[in-house]
Each structure stands twice: as structure tokens, then as C-alpha cells.
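To keep things clear, I will list the structure first and then write my remarks on it.
The values are calculated or read from the model by the stated rules, or taken from the named source; none is laboratory data. Since the model is a prediction, treat every value here as computed from it, not as a measurement. Here Cβ is always computed from backbone atoms with ideal geometry, including for glycine, and neighbour counts include all displayed protein chains. Accessible surface areas use protein heavy atoms only, side chains included; no ligands, DNA or RNA. Shrake-Rupley method; radii C 1.70, N 1.55, O 1.52, S 1.80 Å.
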There are 2 protein chains.
Amino acid sequence: MITHLNNETICAIATAPGLAAIAVVRISGPQAFQIVSNSFKAYRKYTSFEEIPVQKVVLGTFENHGQPVDEVMITKFQKPYSYTGENLVEISCHGSPFIQQQILQILIEHGARVARPGEFTLNAFLNGRIDLSQAEAVADLIASNSTLSQQIAYNQMRGHFSERIKVLRQQLITFSGLIELELDFSEEDLEFASRNDLSTLLDAIDAEIATLKQSFSMGNVLKNGIPVVIIGKPNVGKSTLLNLLVKEERAIVSDIPGTTRDAIEDTMTIDGVAFRFIDTAGLRDSFDVIESIGIQRTYQKIKQAAIVLYLFDVSETTFEEITETIREFKEKFQDDNQHIILVANKLDLIEEIPNYFPDLVEMETVFVSAKRNQNIHLITDSLMKFVAMQSQEENQTIVTSARHYEALLRTSDALQDIRNGIEQKLSGDLLAFHLRDALFHLGSITGEVTNNEVLEEIFSKFCIGK
Amino acid sequence: MITHLNNETICAIATAPGLAAIAVVRISGPQAFQIVSNSFKAYRKYTSFEEIPVQKVVLGTFENHGQPVDEVMITKFQKPYSYTGENLVEISCHGSPFIQQQILQILIEHGARVARPGEFTLNAFLNGRIDLSQAEAVADLIASNSTLSQQIAYNQMRGHFSERIKVLRQQLITFSGLIELELDFSEEDLEFASRNDLSTLLDAIDAEIATLKQSFSMGNVLKNGIPVVIIGKPNVGKSTLLNLLVKEERAIVSDIPGTTRDAIEDTMTIDGVAFRFIDTAGLRDSFDVIESIGIQRTYQKIKQAAIVLYLFDVSETTFEEITETIREFKEKFQDDNQHIILVANKLDLIEEIPNYFPDLVEMETVFVSAKRNQNIHLITDSLMKFVAMQSQEENQTIVTSARHYEALLRTSDALQDIRNGIEQKLSGDLLAFHLRDALFHLGSITGEVTNNEVLEEIFSKFCIGK
């Protein structure tokens, strides 16, 4: 039964595998102190292991039947003031894989067992130290590869998202309480809960859920990189610009793993935000003939884009051409709400900025010369402005987990059922049924209701030692 | 100038690279506290960073210009009570490579620089926290891959070897003092140091150095695996035995990197001791015809072996054959001092142990059946007995470093020069010259005398973060 603590003491190497200066082995559970006390001898004499102060780093020898294995530093964390909420010891040893394995083996010999992936965090959840969405955020944080994905995970880990869910759930419980009260007195046909008040409350809850649901597309995008599609007629400098944008910043991200590169997409991080640039060189070269594209994948790429960089040759394009193209584009993709940035390229070929450009006020326009690497920072500034705007709009609570999104959708459905029920003047017990459904789905986000399958699914994705 | 502390503050990721539950970033130097205080906000309110107790694990937020980067635990170590002997902070963060890099980058922005390989340990040496041979032992410990190599490194790190070198050096200094005193009064032609006493002291020192020098071959062997050559006539079961020995124990070492396998050699660890088994299947099949081998490499393999397992078919071999073979072998390799273990195989084919075997008393003999996997543990017991014996003989100070060995050789040479000088009744100032030479080489082991080239050579082999 994964949903209950099994009272076993678990241990694992918590740092990355391989040779290194140091490594950390963690052990957590009711026997943790006793198991470590068998092998650890502090340099400074403590008459017993219990005497070692908590949260204090203590130097000593880790021994195997009296034979020193390594000079280590240990830290005791006393229940409930530990990551897992149980007695926990961190053993910081020399980063020899052999020594790490030895220490682990000695702990196991004395009664610990190897932790399953995510089991430390699972115990933290089962002990009520964190809720389920916070636990999931720990894995997201470890997997984060840009400032933004890191910040979203960090906020979720610190409970900002859970807080909003809990408030919603509390409101639903209040609502439910009123309905249930009616059920107790159902024979008397009382209506404790004014149907109008209920509807008003429902509207408020639904609006909040809608905001969270909306944030998912943005959250997903921020987590995986904001898709930016570059379009424009042939020979306006699309590839030059892409190479410039990507190469310029590549050095910064070179030592961060996960920077994927393939033929048509290139992910890069600007000021901590991951962007996925989609080169349309292999696609149609301008969207004034988008009608004839016919390639579904191309069309989808543009539909999925959050930002469109429309590149044109400022020395050859007329005001009419631009406005007509933009109009057509907007017509075609009106439902998708892409943010369009006009990039007037080949600034080096003109003497002054054409006087029609002030008329493009409603569009963001930047003037660059890709060839001369001039003003490219204006594009990145625009990209960052967009991200800042989006993050602000989402009020910093952004849903990134498909599991959470699904739970919100189902909550929404249940709320709709209640709304329908009220309209159809259904009885309290039928409303209560849908309410319990809504509470269930909302509670599944924070883990107030959960089951083994969900927990196994979530924690199997963790790394060992966390 | 590497031989002096440069007063810079250094930082590095101290755990292995890659995604993991946690990672540790270290920063050391005069600015360490100030730099971390810019970014770390403890959850429990301390009015200043200085107020945070030393060696206490404190939870808080690591920030970048007010923006949280991660929830971290930090530990302050105050000069001189730290690994490096300087102010040092350990930052334990979530093991996202992105977050690790970010923390490092923030520390650098605030004035730290990335540490060179081994620079933390170099500083520990320059600050007199450890001597040079202890510093080298840290790298050996991290690279250790068997209990024995780990124990040798551990003992050396804890200063057992340095202690012996220091005692030797002190004796030489006493000796030197007497000679130098003579030089001051050289015009009076006094002889403060009795030449007989000098010779006696020299003998004692030389004997000690000889012991250490001898331990090098053993030390080297223990570090790299004890070479065990298996020889015997065709079809006595050599390959079956090798496979049995290796496969039986392989599971134990499967998760330890560095277990190399190739066609003719197979390294395995038994009870924490690495053995390199050398299969002579491709070599001559018995050593009664060793005369005709002619292959230098084969010959060398046997010469390099510490242990020879001589396998014979107990159901077919006569007492005379064995004694004759052993006699020939000993004659051939008389200078090499191999430990021979007779392995009487095919125990399953005989009814009782032949009555001539008690006559093999001076040889260690074990009776096994490789085919039936019977008594194989008797071989491993014998191997371990040999190792235990050797380790005891060496009195637990074992030279494993070629650098130390070379320094001991040169010290020996200088002592020989002094001895010759005394015999030739050379004047005190000439003896003093050789004495200074001996002191120099002995001092180079512990780093009491050193230079940039030596330090660079030593520390460049360390991993970053140590």
C-alpha cells in the first residue's frame, strides 16, 4: 500500500552517479539514527549518537565493523523537521563510486533498504510535509532547464498553486455543506442554500478555474520552450536571422544539457527563457499564398506558435503589401491569438526609415540588419517583453502539469453539471453527487484524495534519492 | 604563483555532473560569506549572515536579484575550521544542472571565480591543513575502487605515511645539525658528530626507507589489482576455474565502474581486494617446458604476478611430477618471490585425497572441483590470507605513489653518498651537501619543500570541486 507509510528505513545516493569531489547518501525512516550510529564515529566525542545536535554538520569516520571506510560529514534531521518528515541523516562522503556503494551497502546490512525513485518525496507527501502538487514540482524543478520553467516549478513547490486550489476547494466545501444540510432536512423540503447565491459562487469558482485552465497552454509552452515561427518571402534573410539569434546565444547555454538541435527547430535560452525557433525555410515562404499551403504540418506549426516573426525586406516592401499580408494572416489564424512581431530587415540598404511606418502603430515593428548583425537585440527585447507580459497576466500561477489540467477540466465539467442541475431544479442529493465529483477532482491535484496508481505514476518519474 | 594563496574566492560544483536529487556547490575564500550573503535568505530570520551559526545546516532561498532560484540548505564553515582552512560555504541545492549552473553563475557575478581542478585541496595544503602526501591521498581515495586501495588512501589521507616521513626527516635534521655545527667550527677541526654514531643513524634511516621502498611494489599492486596468473597443463580446468572465480563474484562488483574485462585479463574484487587474473590459456600450458617459451611477454606476465595458481589434475598427477615442476618453476623465477598456491582440481574424480599430499606441507594446497563448483571458496580464502599477510608485513604503511617512490629512491641515493663520504673521510661541508639533498627529497613527499611544477602536476589530476 503506497498510500501509507510502511515504517521501513530507506537509503539512496542522492547526488549524480560518477566520480566527483563529494557525494551525499541519505537515509530516512524510524531506524535511520540507529543504523547510522552503528557505523559513524564522530571525531569530537559524543557519548552517544543521540547527543549529536540536529542540523549540525559533524565530521567523523564512517566505519565497517571497525574498519574505516571514509572520512565523512553527517547531519541529523529529527522528525518531523526533515525533508521526509521522518528521522533523516545526510552523509557527505568522498565522491568515489566505490565508497558511495560501500556506505550504501553498510546501511543496508544494518537494516535499511534502497529507496525507490521519488520515495523520499513520497514520504514527505505521506507525512503531510508537502502536498501532491508540491511533490510534483520538486521533480519539475530538478528537470527545469530555463529560468522560467525553474520559476514556475519553484513557485509550485513553495505552494502558490496549492494555495489557490485549496481556496477553491474550501469554497466548494462551504457550498457542499449547505447542500448537505438540506439533505439532512430533506423531508422538511427546506432550501438552506439560496440557488442564486450558489450560482454566484459557482461563477466565481468557474472563473478562477478557467484562468488556471487557460494558463496551461502558456505553462506548457514555458516549460517546453516558447514556439517562435519565422516567416517571410524568399530571400528576406530568414536563415541569416535564425542563425544569428541562435548562434549569438548558444555559448551561454552550451553547458546546459537538453539543448536540442535539429534541422527545422532550434531551441535556445535568452535570459533564462527557452524559445523554440521554427524555421519555415522548408515551408511556404510567405503567407500571402497561405491559402494554397495544403501541408497540414506546416499549418499546424504556425498554429502552435506563440510568436510569429514576420520578416520583410524594408528596401523593397510597400506599406500596402505589409498591411495586406498581416490582414490575411490574422484572418487565417484569428482563433490562435499569435503575437506578431514585424521585423524590417535590410536596414543597411535604406537611407532612412520609410515614413509609412508610424502607421503600423498597432503592430510591434523592429528595424534590423541581419547581414550586419545590427539591432538584433531589439528582437530579443521584444520576445522578452512578450514573456514578461504573459507571465504577469497569468498572475504567476501557471499550470504546467497535464494531470492538473485534466483535473481542472473534470472539475469544470462537474461544475457545469451542478449548474445544469440548478437550472433544472434538481434535488439537493443530485447536486451533492456532482459536488463530490468536483471536490474529488480538485482534491486530486493536491493529493487530498488520491490512489496508488496516481502516486506510482507520479513518483516513478522521479530520480532515485529524491 | 601557485605556492602562495592568491586571496581569491573560488567556487565549483562539488558533486558529479548531471541530473540528480541534490547537488552541492562549494565556495571558499575571504569573500565566501559576503558573496553568499548577497543571494541567500534564511527562512528563519537572522538579522545578518554573520549571525548564522557555523556548521549548522540552514534552510532558505537562493536568490538572483530578489528572484528565487532554488530552495537550498547552506552550511557555513569558519576559517580555519574548514576543509580549505578558509571561510567556506556549502550550498546544497536541487540537482537540476540548470540550477547548479545558475547558482555558480550568481556566485561568479558576485566576485568568485571557478575553481581549478583540486584547488580546494591545494588551498588546504597551502593553509597547512594537510600536507602534500595527504592531499594526494584525497585524490587516491576518490579514485579508489576496492576496499584495500580505499584503506591505503584513507590511511595516507589521515597522515599515517606523513608521520613516518616526518620522523625520518627529523632524524636527518638532527644528524644535519651536528654536521653544520662542525662547519661553524671548521677551523678548529673539531668532530662533534662521531662518525660511528652517524653511520648507525644512517643505517636505521636507510632500513626504514628500504621498507617503504619495498612496500611500493605491493602498494602498486594493491592499487591496480593483485596479479594472479593461472598456469597448468592443458585440460586441467584453467578456464573453468577462471570463469568460476570471476563470474561468482562479478555480481558484487557489477555496479562499480572501472571493472575492466578483456580477453586475457579479468579484474574482480573479492572482499574488497582487486585481483587481476591472468589467463595463460594462450601461453604455454605448463612450466616444465618453460625453457622453450621464448615469448618475452608471457615470461613477463609470470614475472609480474604476485600469486601463481598452479592447477593440476589430482586424478592424474603424481607427487614426483608436482615437486619437479615446482622446483623448475622456483629455479626459473627465483628472484621474483611469487606466492604459489597449488590447486588440485578434479576432486570429483578421486575417492580420497592421495596420501602423498601431506608431503607438500611447505606449499599451500587446496582441493577443488571446478566442474562441480566445489571448494572454490578455499582458493579465495587463500588469496585473502596472502593479502592479509602482505598488508601486515608492510605495517600498514604502503607507498602507492610513483612520485613518493622516486623521492625515496633519491633519498636513498643521497644517503649512499653520505655513507661513501664518511668512508672516504670527506669534510663536513661535503657531507652537509648530500644531507641537504636527502632532506630535500624526503621533504618533497610531504610538501615541506615543493615547487609550482610539482603542485601543478599533482593537482591537475584532481576533479573539479575538490
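Within the stretch B:7-26, residues that are closer than 18 Å to A:Ala139 by Cβ and more than 7 Å from chain A (Cβ to nearest Cβ) reach no partner that is part of a loop (DSSP other than H, G, I, E, B) and open to solvent by 10 Å² or more (accessible area, probe 1.4 Å) with beta carbons closer than 8 Å at six or more positions or on different chains.
Kindly provide the set of residues from the stretch A:385-406 that are modelled with pLDDT under 80 and buried (at least 16 other Cβ atoms within 10 Å of the Cβ), ordered by number.
Those that are modelled with pLDDT under 80 and buried (at least 16 other Cβ atoms within 10 Å of the Cβ): A:Val387, A:Gln390, A:Ser391, A:Glu394, A:Thr397.
Okay, residues lined up against (1) within 14 Å of chain A (Cβ to nearest Cβ); (2) farther than 22 Å from B:Ile173 by Cα; (3) assigned to a helix (DSSP H, G or I):
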| site | (1), (2), (3) |
| --- | --- |
| B:Gln390 | no, yes, yes |
| B:Tyr405 | no, no, yes |
| B:Ile418 | no, no, yes |
| B:Leu426 | no, no, no |
| B:Asp429 | no, no, yes |
| B:His434 | no, no, yes |
| B:Ala438 | no, no, yes |
| B:Phe462 | yes, yes, no |
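Here B:Val114 passes the criteria (1) within 14 Å of chain A (Cβ to nearest Cβ); (2) free of Cβ contacts under 8 Å to residues at least 12 places away in the same chain; (3) farther than 24 Å from A:Val69 by Cα except the one numbered (2).
Residue-level check: of (1) within 14 Å of chain B (Cβ to nearest Cβ); (2) open to solvent by 10 Å² or more (accessible area, probe 1.4 Å), A:Asn38 misses just (1). Among residues of the stretch A:400-422 that are more than 18 Å from A:Val454 (Cβ to Cβ), those with a Cβ under 7 angstrom from a residue that is of a type in the set (Ser, Thr, Tyr), sequence gap 6+ or separate chain, pair up as A:Ile422/A:Ser199. Take the stretch B:192-248 and flag every residue that is farther than 30 Å from B:Phe161 by Cα, assigned to a helix (DSSP H, G or I) and not acidic (Asp, Glu). Selection gives B:Lys238, B:Ser239, B:Thr240, B:Leu241, B:Leu242, B:Asn243, B:Leu244, B:Leu245, B:Val246, B:Lys247.
Considering the stretch A:306-333, the residues that are part of a helix (DSSP H, G or I) and among the hydroxyl-bearing types (Ser, Thr, Tyr) include one that is farthest from A:Glu351 (Cα to Cα), namely A:Thr325. Residues that are aliphatic (A, V, I, L, M), over 20 Å from A:Ala207 (Cβ atoms) and open to solvent by 20 Å² or more (accessible area, probe 1.4 Å) within the stretch A:407-466 comprise A:Leu426, A:Leu430, A:Val449, A:Val454, A:Ile464, listed in sequence order. Screening B:Gln78, B:Gln102, B:Gln55 for residues that are within 30 Å of A:Glu136 (Cβ to Cβ) and without any contact (Cβ under 8 Å) to a residue 40 or more places away in the chain leaves exactly one candidate, B:Gln102.
Restricting attention to the stretch A:65-93 and to residues that are closer than 25 Å to A:Glu119 by Cβ and at the interface with chain B (Cβ under 9 Å from one of its Cβ atoms), the residue that is most open to solvent (accessible area, probe 1.4 Å) turns out to be A:Met73.
Report the residue count in the stretch A:131-148 for those that are within 12 Å of chain B (Cβ to nearest Cβ) and open to solvent by less than 10 Å² (accessible area, probe 1.4 Å).
Residues flagged as within 12 Å of chain B (Cβ to nearest Cβ) and open to solvent by less than 10 Å² (accessible area, probe 1.4 Å) within the stretch A:131-148 amount to 6.
Being under 26 Å from B:Ala139 (Cα atoms), of a type in the set (D, E, K, R) and assigned to a loop (DSSP other than H, G, I, E, B) is the requirement here; does A:Arg116 meet it? No; evaluated as a whole, the condition is false for this residue.
Inspection of the stretch A:45-63 identifies no residue that is modelled with pLDDT under 95 and at the interface with another protein chain (Cβ under 9 Å from one of its Cβ atoms).
Do the conditions hold for B:Ile226, that is, is it modelled with pLDDT of 85 or more, under 30 Å from A:Phe62 (Cβ atoms) and either away from chain A (no Cβ under 14 Å) or open to solvent by less than 30 Å² (accessible area, probe 1.4 Å) (or both)?
Judged against the criteria, B:Ile226 is not a match.
For B:Gly128, the stated conditions do not hold, so it cannot be described as open to solvent by less than 20 Å² (accessible area, probe 1.4 Å), without any contact (Cβ under 8 Å) to a residue 60 or more places away in the chain and part of a loop (DSSP other than H, G, I, E, B). B:Gly29 fails exactly one of the following numbered conditions: (1) away from chain A (no Cβ under 11 Å); (2) surrounded by fewer than 24 Cβ atoms within 10 Å (Cβ to Cβ). What is the number of that condition? Only one criterion is unmet by B:Gly29, namely (2). Counting just the residues of the stretch B:149-167 that are facing chain A (nearest Cβ under 9 Å), of a type outside the set (Gly, Ala, Ser) and buried (at least 22 other Cβ atoms within 10 Å of the Cβ), which one comes out nearest to B:Thr450 (Cα to Cα)? My answer is B:Met157. Restricting A:Val58, A:Val25, A:Val72 to those that are within 34 Å of the chain's Cα centre (by Cα) and outside any loop (DSSP other than H, G, I, E, B) reduces the list to A:Val25. Here is a check on your reading of the model: is B:Gln105 part of a helix (DSSP H, G or I), assigned by TED's automatic domain parsing to the domain that holds B:Asn38 and open to solvent by less than 10 Å² (accessible area, probe 1.4 Å)? No. Just so you know, in the stretch A:101-110 the residues that are over 11 Å from B:Ser144 (Cβ atoms) and of a type in the set (S, T, N, Q) include one that is nearest to the other protein chains (Cβ to nearest Cβ), and it is A:Gln101.
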